[in-house]
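Please treat every number below as a calculation from the coordinates, not as lab data. Everything numeric here is computed off the predicted structure, so don't read it as measured data. Every residue, glycine among them, receives a Cβ derived from its backbone with ideal geometry; neighbour counts consider all protein chains shown.
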Amino acid sequence: MPWFEDPLHFLTSAPAMVRESSSLDYFTEDDATAQLFRQARGSEQAEAVDLPWLDVERAFFVAVNENAGDDVAIAFDYRTDPADPRVVASDFWTAPGRCSWREVAPTFSALVVAFDL
């Protein structure tokens, strides 16, 4: 992800992923915050939520900011495939002042192949 400027902490346990992903609900409670982070609840929208927005009901964090206040993350995005989710990441650098969610890989399995894992 060439746009990333801040270090990430990869979450290594399911409880850590659940804990960190709970912030997705928090960021959609306030409209101004939801707009800043481009996060929405798909079930509350008339049209499908797609990139550069994140549907918080269909996403799960797998990496978060290492430094407090950086507000960066990588997430599995289950809107595309419930068995092999798209991988997306936050981007505050390309268009400063507002987050955009960008595709890192079309599927998790494609990411594994790209990194030769």
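Rounded if a/c is under 1.5, else prolate if a/b is larger than b/c, else oblate: which is the chain, with a ≥ b ≥ c the root eigenvalues of its Cα gyration tensor?
rounded
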### Query
Among rounded, prolate and oblate, which fits segment 51-117 when a ≥ b ≥ c are the square roots of the eigenvalues of its C-alpha gyration tensor, a/c under 1.5 means rounded, and a/b larger than b/c means prolate?
prolate
### Query
If you find the alpha carbon centre of segment 73-110 and of segment 4-63, how far apart are they in angstrom?
10 Å
### Task
Only helical DSSP H runs with n ≥ 4 go in: add -39500 (n - 2.57) per run for the chain, normalise by residue count and round the 222 nm mean residue ellipticity to 500 deg cm²/dmol.
-5500 deg cm²/dmol
### Summary
Checking ASP84, ASP30, ASP71 against a Gaussian network model of the chain (alpha-carbon springs below 10 Å), the top fluctuating residue turns out to be ASP30
### Query
What is the local net charge at SER23, summed over the other residues whose Cβ is closer than 12 Å to its Cβ (Lys, Arg +1; Asp, Glu -1)?
-3
### Task
Taking 7 Å along the Cα-to-C-beta vector as the label spot, tell me the ASP84-GLN35 distance in nanometres, rounded to one decimal.
3.9 nm
### Task
Rank these for me by crowding, LEU117, LEU51, going from fewest to most other beta carbons within 10 Å.
LEU117, LEU51
### Query
Considering the zone a paramagnetic label at PHE115 would reach in this model (a point 7 Å from Cα along the Cα-to-Cβ line), which residues of segment 55-99 have amide N under 18 Å from it?
60-67, 72-78, 84-91
## Note on the structure
Once normalised by the length of the chain, the mean sequence separation of its alpha carbon contacts under 8 Å that are 6 or more apart gives a contact order in percent of 24 percent
### Whole-Hz ³J(HN,Hα) from phi, Karplus 6.51 cos²θ - 1.76 cosθ + 1.60, for segment 29-37, glycine and proline x
5, 9, 4, 5, 5, 4, 5, 4, 8
### Query
Tally Lys/Arg at +1 and Asp/Glu at -1 over every other residue whose Cβ is under 13 Å from the Cβ of ALA48; what's the total?
-3
